[in-house]
Every structure is written in C-alpha cells, then in structure tokens.
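The values are calculated or read from the model by the stated rules, or taken from the named source; none is laboratory data. Predicted, not measured: the structure shown is a model, and the values here were computed from it. Reconstructed Cβ throughout: ideal geometry from the backbone, glycine too, with neighbour counts over all protein chains shown. For accessibility, only protein heavy atoms count, side chains too; no ligands or nucleic acids. Shrake-Rupley method; radii C 1.70, N 1.55, O 1.52, S 1.80 Å.
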Amino acid sequence: MALPLPPGLTQNEVAFLAEMEMVTVVPRQRLDSIDLLGGKTPQLRPPHRAQLPLWLALLLKKQRRANIVPPAWMHPASLAEIIHRETKEDPEAFSAPPPPPSRALYSQPGTARRLNHHASYLDDFTQSQQDSQQQQQQQQQQQQQDPNSILSPPFLPSNVAESPAGYLPYHWLEVAEALLTHAGDDMPAPAGEVRSLLRDLVEVRAAKMRSSTSALEGFGDAWLTLRGVGAMELAENRAFLAGLVDGVRKIGASAEATRREEEEEARRGGEYGGDGDEDSDEDMGL
C-alpha cells in the first residue's frame with residue numbers, strides 16, 4: 001500500500017527540478033550535440049561558451065570535460081547587495097525576481113520589447129524598414145502564433161553567465177548548493193566566502209518569512225505576498241504556512257459563529273424585554 005504523500009513538492013523533488021536550469025559552461029574538449037527530450041544540445045568547441053542543463057554541466061564537470069561559469073548573482077558583491085537591500089532598504093519585502101530579457105527596437109528608438117526566442121536580431125531591423133501598419137500586423141500574428149514569447153519567472157534563463165546581477169532566480173538556493181558542492185573551484189571567490197554570504201541571506205529571508213505571517217492575524221482582508229520567494233523556500237515553509245492559514249481560517253470561523261450567536265441572543269433578549277415591559281404596563285393599569 002502506498003503511503004500518503006504531503007501536498008506539494010518535497011525538497012528532493014524541487015532540487016531535482018532545479019537541475020533543468022540552464023547554466024553556462026566552458027568546454028575543455030570537443031563534444032558533439034546530444035539528443036535530449038528538450039532538443040539537441042549545442043556542440044561544444046573550446047574555448048567557446050555554451051549553455052547546458054545543470055545536470056549535464058555537473059556531469060561534464062565531474063568528468064573534467066568542462067568548467068561551469070557561475071551566474072552573476074553568485075558573485076560576493078551581488079550577494080552583499082541583495083542582503084543590504086533586504087535588511088536596510090526594504091526589510092519587509094523579498095528581493096524582486098529577475099526582469100525578463102529585453103532588446104531595443106530599431107523602429108521605435110528609446111523603446112524595447114521582451115525577447116522572443118524565435119525571433120532573431122535581424123527581424124527587428126527588417127521590421128524597421130517596413131511601414132507601421134505591416135509592423136503592427138506582424139506583431140499581432142507573432143503574438144498569436146507564439147504564446148511563449150513573453151516569459152516570466154521561473155521560466156527565465158536566470159542562471160547563465162549573461163543573467164543580471166542583483167536578482168535571485170526561482171531556484172537560487174538549489175543551484176547555489178549544487179555549484180558550491182561540485183564546482184567550488186569555478187566560483188569567482190573562495191567557496192567559504194560565498195557560502196557565508198548565502199548563509200546570511202538564508203537566515204535573513206527565513207526570519208522575514210516568519211515575521212511576515214503576522215499579517216495573517218487580521219481577519220477578512222489579511223493577505224501575504226510571496227513575490228520573490230524561491231522554490232526551496234516554498235517547499236520548506238509550505239507545511240508551516242498551510243497550517244497557519246488553516247488555523248487562522250478556523251479561528252476566524254469560530255469567532256464569526258460566536259459573533260452570530262451573540263447577535264442572536266441579543267435580538268431574542270430585546271424581543272423578550274419588549275414583551276415584558278408591555279405586560280408590566282398593563283398590570284399597572286397604564
């Protein structure tokens with residue numbers, strides 16, 4: 001008989017899913033492309049960089065066939081900036097997720113649009129040579145044919161070398177643990193320094209998660225924002241948050257039932273009190 005599983009993803013399942021994140025590697029030897037379920041991997045030609053899934057990059061790292069380029073947010077300066085932002089600038093909110101990648105438009109100077117993984121750099125230039133009516137028609141057709149052109153976390157390449165610094169991706173904790181464990185010599189700083197900063201960041205965000213639950217003490221219009229919270233943080237605090245929300249719901253339902261009973265008793269008491277006054281007036285001959 002199968003044992004009942006807790007709702008949601010476990011920590012091991014979240015760590016397994018994080019291995020699908022794309023990272024940047026520098027190959028140390030030539031390697032042909034490999035057919036995977038998600039498509040073919042790029043051909044590895046030293047010293048050109050390439051993007052591979054984390055699990056494949058770790059495998060090549062263990063075989064000494066490639067080095068992993070750490071993402072920009074794992075640099076000590078970026079981690080220190082995030083800690084300062086979460087402790088000093090905005091101690092009540094979590095760090096914002098990475099912004100979607102964008103590209104400047106030739107046809108509209110001073111503006112940009114989110115990147116479309118099916119569109120090339122020359123597409124924007126050719127569109128600039130066309131009139132505005134044809135451009136609008138093409139953009140509308142493109143949005144209808146490619147619904148995945150607008151990406152948002154956690155479906156962003158946030159752990160590659162080109163990812164912006166100062167933002168924590170959705171799988172930041174799992175990726176950092178995997179890279180520090182298996183590719184500590186590829187870090188931009190000593191692994192001990194990076195681990196110390198990550199430990200401070202974990203403690204700050206854990207304390208913020210516990211303190212943010214105080215907003216649920218109010219009934220009716222209470223809410224809790226989880227924008228910027230990572231996948232592993234959600235998996236670790238899922239049982240606590242679910243139990244807290246369920247307890248608050250039960251307390252609110254009990255308080256509402258008690259309030260209704262009191263109102264009902266007060267209404268009945270008022271009715272009985274009114275009848276009693278009329279009887280007393282009749283007895284006194286008034």
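Brief remarks on what is shown
- Scanning segment 185-195 for residues that are part of a helix (DSSP H, G or I) and surrounded by 14 or more Cβ atoms within 10 Å (Cβ to Cβ) turns up Asp186, Ala191, Val194, Arg195.
- Breaking point among (1) under 28 Å from Thr225 (Cα atoms); (2) at pLDDT below 65, for Glu282: (1)
- In segment 49-63 there is at least one residue that is at pLDDT 90 or above, under 21 Å from the mean Cα position of the chain (by Cα), open to solvent by 30 Å² or more (accessible area, probe 1.4 Å) and closer than 23 Å to Met187 by Cβ.
- Members of segment 169-184 that are under 20 Å from Val14 (Cα atoms) and part of a helix (DSSP H, G or I): Trp172, Leu173, Glu174, Val175, Ala176, Glu177, Ala178, Leu179, Leu180, Thr181, His182
- Condition check for Ala15: assigned by TED's automatic domain parsing to the domain that holds Ala235, open to solvent by less than 30 Å² (accessible area, probe 1.4 Å) and modelled with pLDDT under 95: no
- Within segment 24-64, tally of residues that are in contact with a strand residue (DSSP E or B) (Cβ under 8 Å, 6 or more places away or on another chain) and touching a residue at least 24 places away in the same chain (Cβ under 8 Å): 17
- For Leu198, the requirement of being at pLDDT 80 or above and either crowded, with 17+ Cβ neighbours inside 10 Å or more than 30 Å from Val25 (Cβ to Cβ) (or both) is met.
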